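Peer 1: Have a look at this one.
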């Protein structure tokens, strides 16, 4: 069975999960514990970033490389068009989403979790001791902002990222208001990438992610609830309802390797 080494709330991991589900492939999630789990990632892939896909003896890192591999190895329900123009457009949009949309979401999301202690716990792997979660939740938002956003990141930068993210969602909403998918009547890598990377802007409503149920459907205030972007989120949620699997169950292990989480 395919194995996906991941962080549950890593948007690039979600991009790969959505592609796997769209193709109808069975896989096992391997939740990587920051630190000790990344030693295992480095051992098998030569680098420390997730996602990493293991298919038998084949190891692929980077979400885009994983997408290309899956389309070559498992060609049913292709996600990369064969028409040269559509192929080019889909790959341009995929690269834009990876390099721009995901990064625009980061600062507004950090500002969001500063306000909501529940999100801080949700960001941690399920194996994290309850005591540590309790301590994290007790940290005041101002301290969390100082520790979590990094040197040189201030309210002005967050405001600029927020504005840029709004513009991107406005453009996407205008495209998706009158068509089922970005490039035609079937999803491509661009649709699955943009939908997957949007999870930190607004969590999908449903048991798609391992987060507290009260966080489902919640997102960055002023963006996730803005009716201007309703066409985008309606499109995203329809895509999830049609293709994304629900009903995950977790298993934990007592050794220092990552815990396995099976997809039912």
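Peer 1: Every residue in the stretch 11-37 that is closer than 21 Å to residue 110 by Cβ and surrounded by fewer than 20 Cβ atoms within 10 Å (Cβ to Cβ), please.
Peer 2: 34, 35
Peer 1: Just name the residue that is farthest from residue 109 (Cα to Cα) out of those in the stretch 203-219 that are in contact with a strand residue (DSSP E or B) (Cβ under 9 Å, 6 or more places away or on another chain) and surrounded by fewer than 20 Cβ atoms within 10 Å (Cβ to Cβ).
Peer 2: Filtering the stretch 203-219 for residues that are in contact with a strand residue (DSSP E or B) (Cβ under 9 Å, 6 or more places away or on another chain) and surrounded by fewer than 20 Cβ atoms within 10 Å (Cβ to Cβ), the one farthest from residue 109 (Cα to Cα) comes out as 207.
Peer 1: Report, by residue number, each residue of the stretch 221-245 that is assigned to a loop (DSSP other than H, G, I, E, B) and either under 27 Å from residue 24 (Cα atoms) or out of contact with any strand residue (DSSP E or B) (no Cβ under 7 Å at 6 or more places or on another chain) (or both).
Peer 2: Answer for the stretch 221-245, where residues must be assigned to a loop (DSSP other than H, G, I, E, B) and either under 27 Å from residue 24 (Cα atoms) or out of contact with any strand residue (DSSP E or B) (no Cβ under 7 Å at 6 or more places or on another chain) (or both): 221, 222, 223, 225, 226, 244, 245.
Peer 1: Here is a check on your reading of the model: is residue 40 touching a residue at least 12 places away in the same chain (Cβ under 8 Å), part of a loop (DSSP other than H, G, I, E, B) and not assigned by TED's automatic domain parsing to the domain that holds residue 210?
Peer 2: When the stated conditions are applied, residue 40 does not pass them.
Peer 1: What number of residues within the stretch 1-37 satisfy the criterion of being out of contact with any strand residue (DSSP E or B) (no Cβ under 8 Å at 6 or more places or on another chain), at pLDDT 90 or above and part of a helix (DSSP H, G or I)?
Peer 2: Of the residues in the stretch 1-37, 8 are out of contact with any strand residue (DSSP E or B) (no Cβ under 8 Å at 6 or more places or on another chain), at pLDDT 90 or above and part of a helix (DSSP H, G or I).
Peer 1: Are any of the residues in the stretch 66-79 modelled with pLDDT of 95 or more and farther than 26 Å from residue 236 by Cβ?
Peer 2: Scanning the stretch 66-79 turns up at least one residue that is modelled with pLDDT of 95 or more and farther than 26 Å from residue 236 by Cβ.
Peer 1: Shifting gears a bit: All but one of (1) at pLDDT 95 or above; (2) outside the structural domain of residue 199 (by TED's automatic domain parsing) hold for residue 94; which doesn't?
Peer 2: (2)
Peer 1: Enumerate the pairs (first residue in the stretch 73-88 and closer than 16 Å to residue 192 by Cβ; second residue anywhere and exposed (fewer than 13 other Cβ atoms within 10 Å of the Cβ)) with beta-carbon separation below 7 Å, excluding pairs fewer than 6 apart on the same chain, so at least 6 apart or on different chains.
Peer 2: Sorted first by the residue in the stretch 73-88, then by its partner, the pairs are 77/24.
Peer 1: From the list 155, 202, 163, which one is at pLDDT 55 or above and over 22 Å from the mean Cα position of the chain (by Cα)?
Peer 2: 155
The values are calculated or read from the model by the stated rules, or taken from the named source; none is laboratory data. The shown structure was predicted, so the numbers you read here are calculated from the model rather than taken from an experiment. Positions of Cβ are backbone-derived with ideal geometry, glycine not excepted, and every protein chain shown enters the neighbour counts.
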